[in-house]
Each structure stands twice: as structure tokens, then as C-alpha cells.
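Derivation of every value follows stated rules applied to the coordinates shown; laboratory data play no part. Just so it is clear, the model here is predicted, and its values are computed rather than measured. Reconstructed Cβ throughout: ideal geometry from the backbone, glycine too, with neighbour counts over all protein chains shown.
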């Protein structure tokens, strides 16, 4: 992992969406770095702000309904200050995005070849022949059999796993130094999921890219990530190396997520009940304005255990946790 300047640096980022006449933060004061050759996983339930963070980085929000403040620094540029023309030079060329739903990300009226070639036309000076060879090389690289035939097909003619591979090929076509993968293995069977994760690792080995992996699958995180940021209700509530997070989780939300994972090993033939986290992530309009945002889902923890204005505390080298409630947390029914 690089110890020099980060590939990407996010400082005090806020992304607020307009609902009627008010703006509500879906990403609330998030600060992160991404290093070269690193996989940074962003985890949390649906509604925690993970995908909004990703789309903010690549500038995909309608400015008429969105307020964005803070910094997303890449090569001394604050990306959130760029106009659409300048952002288009960055998207695809410097930051590749693997979208969550490949069927909606792909154009149903364009062949696979045309969709992959589009980025090469826009960002490179390749000749037509060079572009053709690059498209076929990419399709082969992402493990698609018979690239010549698939290149002539349309998205609806491919399986979900094949479409996901095409989306990856598009994201990687210009060999970007940063790749954002938003739930890249959702709705895929376990075999294809493993192949796609292996593919991302291989491509990272070849290019040294930094990868932001957005997922709710902690099993995937355990297998692939170097560092992990846990998001809840728009905030980062815990951040640490993957090894540290899985062996020494601190925040009640992180511990609850880990306890909710199905375990393959059963104790002496006894099957433990799967842990269920009470309640749901609050909606944007109902986010608590003060105090710990997770407090309502752990009502057995006394109010005085929470900070009035929770901040991130360093509890170990490079391990940060929001709110002092982690010092008093225990699962309901357990002794503190």
C-alpha cells in the first residue's frame, strides 16, 4: 500500500437532496482516502449513503436538486467544482464506475461493441483497428467466451453475469487508476460472484488501481478488502483495516452487522439464531439532528452512554469509531 499522496482524498463531503423546499444530507461530513493498489470497502445497509457517496465522486447528481459541499480531490483538482465538460474528461478515463444494475446501465439499442468502444473514442486517440482489438481484448479479459460474437449482440441477449462482465469491461477500457464498484456482485450466483471478484483482483494487480468496493456483503469484504469504512445514516461510524475490523469491531452497528452474518460453523451441533438488528435506517427527512444516529436501534443502552455530538475517536492505530456508546455496548439480554 502506498504511503505517499493518496489517489483520492475526500474531505468533509456533504451531499444533500432536496425534498420539497428543504435539503437533507444523504452523505454527511464524510472524509476518506483511497491509496494506490488498495481495495477500500464501504459497507452498510440500504439507505446508509454508500451509493450516494459513489455517484457524488463521479458527479452524477442533478445540481438542480442536490447540494454538494466539501472536497473530492484527485490530482489537485476538487472534482465537485468541475463543470460537466471537465468531469466528462475524468469519468471513464481516470475513474471507472461499475454500476449496480448492468441492465439499466447498458444502452438496450447499442451493441456491446459500440458501448465499449464509446469510451475509447472519447478518451483515446486509438485508430479504428486499435479500438476493435481493444474491445475484443477487454471482452476476453473479463472472461467472456467468443468475444467476436458477443460484441455484435445487444444487452438483452446476455445473461446477468455476462452483462456484469460487460459493465466491468467498459469501466476498465481506459485502464483508469480509480475504479468504483457499486455492488458489483449483487444478484449473481456464487460462482460468477467469485469469478468477478477474482477478475477485479487480477486487473488491480496489472494496473495498480485503487478500488472502492461498495457492498452490504461482509463475506465479500472479508475476502477482498484492505480497509473498511462502515456507513450508517450518511455518516462513517467505524473505519479500520479489514483484519482489525473483523477481529476487533467496536461500534454497535458494526458488531450488529457482523453478528447478522450467517455462520457456517455450528457450535457442538447447536444452531444459533441469526441476529436481527432492530428497526431500520431512518429516512433522510427523519435523521436525528443531534446525538448518536444508531441510538434508537439499541434502546437498552442508556442515553448517557451516547455523545451529544458524536465524533470519530481513534481507538487503535488507524482504527476510528464514532460515539462513546461503543464503550458501553452489549447485545440485548447480555450482561454489560
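The table below lists the values:
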read-out	value
FRET E, pair residue 133, residue 258, Förster distance 45 Å, beta-carbon r, rounded to 0.05	0.45
Rounded tilt (10° steps) of 190-207 against the dominant C-alpha axis of the chain	70
Residue order, fewest to most surrounding Cβ atoms within 10 angstrom, among 36, 132	132, 36
Degrees between helix 112-123 axis and first principal axis of the chain (Cα, 0 to 90, nearest 10)	90
Of 308, 64, 54, the one that fluctuates the most in a GNM where the chain has Cα springs shorter than 10 Å	64
For region 150-192: span of alpha carbons on each principal axis (Å, largest first)	30, 27, 14
Calculated log₁₀ intensity ratio I(q)/I(0) where the Debye formula runs over C-alpha points of region 160-294, q = 0.09, 0.13, 0.15 Å⁻¹	-0.35, -0.71, -0.91
Gaussian network model of the chain, springs between alpha carbon atoms under 10 Å - residue of 244, 206, 235 with greatest fluctuation	206
Cα extents of region 8-225 along the three principal axes, largest first (Å)	50, 39, 35
Sequence ranges 4-16, 94-106, 167-179, ranked by mean other-Cβ count within 10 angstrom, highest first	167-179, 94-106, 4-16
Protection proxy ranking, peptides 222-234, 71-83, average beta carbon neighbours within 10 Å, highest first	222-234, 71-83
Degrees separating the helix 128-141 axis from the principal Cα axis of the chain, which is the longest one	40
DSSP-defined beta bridges in the chain - what % are antiparallel, rounded to 5	60
Projected area averaged over orientations for region 120-180, convex hull of C-alpha atoms, nm²	4.5
Value of [θ]222 nm, deg cm²/dmol, for the chain, DSSP H segments ≥ 4, -39500 (n - 2.57) each, nearest 500	-8500 deg cm²/dmol
Span from the region 31-45 Cα centroid across to the region 168-238 one, whole angstrom	9
Quarter of the Cα convex hull surface for region 24-130, i.e. its orientation-mean projected area (nm²)	9.0
